[in-house]
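**Q** Structure incoming, see below.
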Amino acid sequence: MDTLYVMIKPNSNLCNIDCSYCFYKKNHNNIVDKYNKFLTKRSCVILIKNIILDLSSNNDIQFIFQGGEPSLIGLEFYKFFIDTVNFFNRTLQKNISYNFQTNGINIDEEWALFFKENNFLVGLSLDMYQNNHDLHRTCSGQGTFDFVMKTKRIFDSLGVDYNILSVLTKNLSMHPIDAYKFIKNEQISYVQFIPCIDDNVNDDNIRVSPRDIYNFYSGIVYLWIDDLKNNRIIHIKLFEDIYYFIKNKTIGFCGQNGQCGLQIVVESDLSVYPCDFFCFEKYRLGSLYKNNLSKILLNSKHLCFLNEKIYEEKESYCKNHCGIYSQCGLGCKKLFGKMYLDETGFCAYKNIVKLIRDNYCAIDSAYKLNN
């Protein structure tokens with residue numbers, strides 16, 4: 001059974017903080033009219049109806065709310081959204097889940113209780129320790145670390161299901177041990193590091209190279225394995241994605257096997273795009289105002305995107321020189337040359353896979369003991 005991932009931008013790129021590496025604000029100012037960036041209730045009903053009623057009964061759905069900062073549209077919007085989903089799903093009984101990605105600034109106990117009651121998985125943006133976080137994530141020129149930590153404490157106290165999303169910048173990549181110590185000290189159970197690789201981030205002190213990415217992960221992998229052996233489980237997403245792919249071919253992230261996943265991005269004006277990294281006019285697939293979901297998914301532009309190999313000229317090199325090509329198939333097209341093979345022939349992903357492979361037996365034994 002396939003899951004359709006529907007990423008919704010309920011208030012487009014509107015945000016209440018400034019991040020030094022934000023690609024979405026820089027790239028998408030003109031996608032949606034600046035006076036009409038909030039998803040209306042009418043549009044919300046059209047979106048939900050078009051997706052739920054038109055999707056195969058064999059498909060699960062995960063709605064992912066992202067921004068900008070998706071809390072800016074207000075909590076009442078999400079209550080309405082869930083009520084509307086439940087109305088259209090009352091006879092179909094599809095498996096529907098929710099994910100919410102937030103900077104944490106607006107989140108209070110009322111929000112947290114809503115997440116808890118409706119089984120949301122929340123991605124909370126926290127760039128590790130305070131000096132690093134406040135270097136990149138500010139509001140009116142002031143760091144936001146203390147606000148995020150307050151939200152984290154609320155989540156912990158109420159039992160909200162959440163993970164930490166941390167942008168891997170050049171600065172953070174040089175301090176892997178400090179990052180790992182912070183994870184342990186703050187008892188963070190789930191963390192995903194998102195490499196800062198966008199072409200529009202021109203600051204080499206922020207953007208990371210494949211070698212930076214590898215140096216960071218190689219700097220924490222043995223600390224992580226030692227903790228696994230001692231019954232201290234810290235779920236670091238990339239390590240676990242690779243481990244489970246080796247173990248049973250489970251795909252942990254979109255593009256891990258070289259294929260784009262079943263997903264769409266819906267802007268606040270109901271324009272649809274195939275991927276969060278490709279929300280440009282040339283990739284626009286249509287509008288849920290005018291088209292049903294199946295028509296959009298079968299759009300020739302969408303099929304072309306799914307089959308497109310942006311770096312096809314590198315494929316023969318990877319086939320002939322890489323022992324994991326059959327597993328990665330060039331990987332995610334956005335990450336090629338940025339986490340995968342660079343112009344020097346170095347591939348961070350290949351070398352991180354090798355770290356997990358070389359220690360697979362120890363990792364596997366530890367997980368078996370802890371399950």
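Every number here is computed from the coordinates shown, using simple stated rules; none is lab data. Everything numeric in this text was worked out from a predicted model, so none of it was measured. Positions of Cβ are backbone-derived with ideal geometry, glycine not excepted, and every protein chain shown enters the neighbour counts.
**Q** Amide H of LEU285: which non-local residues (sequence gap of 5 or more, or other chain) have their own amide H closer than 5 Å, using H built in the peptide plane?
**A** Hits under the 5 Å cutoff: VAL272, TYR273.
**Q** Kindly list the residues of region 121-160 that lie in the label zone of ASP18, defined by a backbone N under 20 Å from the point 7 Å along the Cα-to-C-beta vector.
**A** Those under the cut-off are 126-127, 131-148.
**Q** Provide the net charge surrounding HIS133, with neighbours chosen by a C-beta distance below 14 Å and charges set as Lys +1, Arg +1, Asp -1, Glu -1.
**A** -3
**Q** Let me ask another. Only sites in a loop by DSSP and with at most 15 other Cβ atoms within 10 Å count here; which chymotrypsin sites (Phe, Trp or Tyr not before Pro) in region 226-305 make the cut?
**A** Answer by residue number: PHE280, TYR289.
**Q** Please sort 152-164, 258-270 by packing, taking for each peptide the average over its residues of neighbouring beta carbons within 10 angstrom, highest first.
**A** Descending packing order for the listed peptides: 258-270, 152-164.
**Q** In 5 Å bins starting at 0, how do the alpha-carbon pair distances of region 265-371 split up by percent?
**A** Going out from 0 Å in 5 Å bins, region 265-371 shows 2, 10, 16, 15, 11, 12, 11, 11, 8, 3, 0 percent.
**Q** Between ASN89 and LYS150, 0.36 nm times their residue separation minus their Cα-Cα distance comes to what? Mind showing how you got there, number by number?
**A** Working: separation 61, 0.36 × 61 = 21.96 nm, distance 3.55 nm.
So the extension gain works out to 18.4 nm.
**Q** List the aspartates and glutamates whose alpha-carbon lies under 19 Å from that of LYS350, not counting same-chain residues fewer than 8 positions away?
**A** Within the straight-line limit of under 19 Å, LYS350 reaches these aspartates and glutamates: ASP212, GLU240, ASP241, GLU312, GLU313, GLU315, ASP342, ASP358.
**Q** Okay, moving on. Mind scanning LYS49/LYS247; LYS181/LYS333; LYS150/LYS181 and naming the pairs with a C-alpha gap bigger than 31 Å?
**A** Values: LYS49/LYS247 38 Å; LYS181/LYS333 33 Å; LYS150/LYS181 19 Å.
LYS49/LYS247; LYS181/LYS333, as the Cα separations exceed 31 Å there.
**Q** Using a Förster distance of 51 Å, how high is the FRET efficiency between SER300 and ASN185, based on the Cβ-Cβ distance and rounded to 0.05?
**A** Numbers: r = 52 Å, r/R0 = 1.01.
Efficiency, from the Cβ-Cβ distance: 0.50.
**Q** Also, I was wondering about something else. Using amide H atoms built 1.01 Å from N in the peptide plane, name the residues 5+ places from LEU4, or on other chains, whose amide H lies under 5 Å from its own.
**A** It is ASP60, ILE61, GLN62, by chain and number.
**Q** Around THR84, what is the net charge, scoring Lys/Arg as +1 and Asp/Glu as -1 over all other residues with Cβ under 13 Å from its Cβ?
**A** Taking every Cβ under 13 Å from that of THR84, the sum is +3.
**Q** Give the value in nm², to one decimal: projected area of the alpha carbon convex hull of the chain, averaged over all directions.
**A** Working: hull surface 73.5 nm².
In nm², the orientation-averaged hull projection of the chain is 18.4.
**Q** Show the residues, 5+ positions off or on another chain, whose built amide H is closer than 5 Å to the amide H of PHE65.
**A** ILE8, ASN99, PHE100, GLN101
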